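Enquirer: Sharing a structure below in structure tokens format, with a few things to ask.
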Amino acid sequence: MRRLGWRRAAAAAFVVSALAACSVQPAPLQQESFVFGTRVALTVYDADRGKAQAAMAQVLGDLDQLHQRLHAWQPAGEVYAANQAIAAGEPFNASAELAELITLGQQLEQQSDGLFSPAIGAMVAAWGFHAEQYAARLPAAQVLSDLAAAQPRMADLLRQPDGRWLSRNPAVQLDFGGMAKGWALDRSRARLLKAGISSALLNIGGNIIALGSKPGGEPWQVGVRHPRQADAMATLALADGEAVGTSGDYQRFFVLNGRRYCHLIDPRDAQSRCHVQSVSVFSRPGPHAGLLSDVASKPLYFAGPQAAARYAGRFGLAGWLLIDSRGEAWLPPALDKRLQWPLRPTRLHLTGSP
């Protein structure tokens, strides 16, 4: 499968990874690929290995097709064509998948008070994070100021009577790198279920969703990476349908004059602020569990520890874990009861709900 870099590219370390089980179990089927600019790992348990292999091939093939069509800055992609039309003030056609992403992006942008927005592709590009290889340089202050003043928002996109879309703001540039992996998790889980698979774990670049449990009812175990080390900081069991994802300042970043600048760009002012090391979110089972595991970490990241609980409540999360600039952890008490700490943070702040 073709290697094309998205916002979180191959250089990014995997935030959350499946942990090996200790008990003796039938050998699982495992397959890896590289789509959305990141590693994809699929693990399936099924007595009918032919059925499992066919289901896995369908899922990975679908992900590859989606990657090629939804790429924001490769000319062959549907999103690239939409962005060209938006910049020219022209309407554009959208496939069912792109229309769904636009509609969901509008809803989630509103739900997050604009702290998450797929309309800020030009801001991400200005920082150089659209490229697989990016330089340690700052964008011109005037460029960032102009981009922020233009206020690109998903709400600027309007569906026309003929089914096409038109943006009332030419500054909108779509980039679904902050939600496509989670959206694809839900799509892939539904495909596996339809194929008769009842035990699987899918990891798309650190966004993970569970399907059922392992043979014998053993839950899937996952680990949350330490933002300053390559090992798991915390581990927990994922129930059927739960999903987990992380946004961190260590995935794509550069350091200039002693300051860290990361790929997480604040939609409010086009700035890269790394005041938080990482935010992990845990989604309840539901049709958008994967999507929320990808999206909800962004508003919590930009809101910071004092307001994180409020946004977690808005998204109905099962839990959240924020590591601040000092390496201290902020999380609700209910999640603390579920976590094991191989690398315990310097301090835990139990706050908020859930």
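Enquirer: If you average 1/r across every pair of different Cα atoms in segment 225-303 and take the reciprocal, what Kirkwood value do you get, in Å?
Expert: Kirkwood hydrodynamic radius for segment 225-303: 13.7 Å.
Enquirer: Could you pull the accessible area for His275 with a 1.4 Å probe, rounded to 10 Å²?
Expert: So the heavy atoms of His275 present about 120 Å² to solvent.
Enquirer: On the Cα set of segment 272-333, report Rg and Dmax in Å, please.
Expert: Expressed in Å, the Cα Rg and Dmax of segment 272-333 come to 11.0, 36.
Enquirer: In nm, give the distance between the simple-model label positions of Leu350 and Ala307, each being 7 Å from the Cα along the Cα-to-Cβ direction.
Expert: Output for this residue pair reads 2.7 nm.
Enquirer: Under the 0.36 nm per residue contour assumption, what length would be gained going from the current alpha-carbon distance of Glu90 and Leu158 to full extension?
Expert: 23.3 nm
Enquirer: Report the charge-dipole magnitude of segment 36-79 in Debye, nearest 20, computed about the Cα centre from +1 at each Lys and Arg Cβ and -1 at each Asp and Glu Cβ.
Expert: Dipole about the Cα centre, nearest 20: 100 debye.
Enquirer: Find the centroid of the Cα atoms in segment 276-302 and in segment 321-354, then give the distance between the two in whole Å.
Expert: The two parts, judged by their Cα centres, are 15 Å apart.
Enquirer: Return the whole-Å distance between the Cα centroid of segment 53-132 and the Cα centroid of segment 141-174.
Expert: 14 Å
Enquirer: Next question. Please give every one of the aspartates and glutamates within straight-line cross-link reach of Lys194, meaning a C-alpha to C-alpha distance under 17 Å, and leave out same-chain neighbours fewer than 8 residues apart.
Expert: Partners within reach: Asp46, Asp48, Asp62, Asp186, Asp240.
Enquirer: What does the charge count near Arg260 come to, summing +1 for each Lys or Arg and -1 for each Asp or Glu among other residues with Cβ under 15 Å from its Cβ?
Expert: Every neighbour counted, the sum reads +3.
Enquirer: Working only with C-alpha atoms, what are the Rg and Dmax values of the chain, expressed in angstrom?
Expert: Rg, Dmax (Cα atoms, Å): 19.7, 60.
Enquirer: Here's something else I'd like to know. Points 7 angstrom from Cα along the Cβ direction at Val255 and Arg168: gap in nanometres?
Expert: So the two model labels end up 4.6 nm from each other.
Enquirer: Also: For Lys194 and Glu32, what is the calculated FRET efficiency with R₀ set at 30 Å and r taken between the beta-carbons, to the nearest 0.05?
Expert: 0.85
Enquirer: Taking K and R as +1 and D and E as -1, what net charge do the other residues with C-beta under 9 Å from the C-beta of Tyr250 add up to?
Expert: Net charge around Tyr250: +3.
Enquirer: Can you give the translational diffusion coefficient of segment 219-354 in µm²/s, computed by Stokes-Einstein from the Kirkwood radius over Cα pairs at 37 °C and 0.692 mPa s?
Expert: 219 µm²/s
Enquirer: To continue, here is another question. Ignoring ligands, DNA and RNA, what percent of the 1.4 Å accessible area of segment 210-354 is carbon and sulfur?
Expert: 48 percent
Enquirer: Determine the gain in length on full extension of the stretch Arg326-Val143; use 0.36 nm per residue of separation and subtract their C-alpha separation, reporting nm with one decimal.
Expert: Gain in length upon complete extension: 62.8 nm.
Enquirer: Lys/Arg Cβ at +1, Asp/Glu Cβ at -1, dipole of the chain taken about the Cα centre: which of Leu157, Leu193, Leu115 is farthest positive-ward?
Expert: Comparing the listed Cα positions along the dipole, Leu115 ranks first.
Enquirer: What is the local net charge at Gly286, summed over the other residues whose Cβ is closer than 13 Å to its Cβ (Lys, Arg +1; Asp, Glu -1)?
Expert: -1
Enquirer: Normalising by the residue count of segment 301-354, find the relative contact order in percent from Cα pairs under 8 Å and 6+ residues apart.
Expert: Relative contact order for segment 301-354 comes out at 37 percent.
Enquirer: What FRET efficiency do you get for Asp231 and Gln110 if R0 is 25 Å and r is their Cβ-Cβ distance, rounded to the nearest 0.05?
Expert: It comes out at approximately 0.10.
Enquirer: On a straight-distance basis, which lysines could pair with Lys214 in a cross-link, Cα separation under 18 angstrom, same-chain partners fewer than 8 positions away excluded?
Expert: Lys51
Enquirer: Which aspartates and glutamates, if any, have their Cα less than 17 Å from the Cα of Lys298, not counting same-chain residues under 8 positions apart?
Expert: Straight-line reach from Lys298, under 17 Å: Glu109, Asp113, Asp175, Asp249, Asp266, Asp269, Asp324.
Enquirer: Roughly how many Å² is the accessible area per residue of the chain, as a whole number, for a 1.4 Å probe?
Expert: That works out to 39 Å² per residue.
Enquirer: Taking the Cα centre of the chain as origin, work out the dipole magnitude from +1 charges on Lys and Arg Cβ and -1 charges on Asp and Glu Cβ, in debye rounded to 20.
Expert: So the magnitude is around 560 debye.
Enquirer: Enter the per residue convex hull volume of segment 50-113, computed from alpha-carbon coordinates, in Å³ rounded to the nearest integer.
Expert: Enclosed volume per residue, from the Cα hull, is 118 Å³.
Enquirer: Which ³J(HN,Hα) values in Hz, rounded to whole numbers, follow from the phi angles of segment 27-43 under the Karplus curve 6.51 cos²θ - 1.76 cosθ + 1.60, where θ = phi - 60° and Gly and Pro get x?
Expert: 5, x, 8, 10, 9, 10, 8, 9, 9, 6, x, 8, 7, 10, 10, 10, 10
The values are calculated or read from the model by the stated rules, or taken from the named source; none is laboratory data. Here the structure is a predicted model, which means the values were calculated and not measured. Counting neighbours? That spans all protein chains shown, and the Cβs are built from the backbone with ideal geometry, glycine included. Heads up: the accessible areas ignore ligands, DNA and RNA and are worked out on the full protein's heavy atoms, side chains in. Shrake-Rupley method; radii C 1.70, N 1.55, O 1.52, S 1.80 Å.
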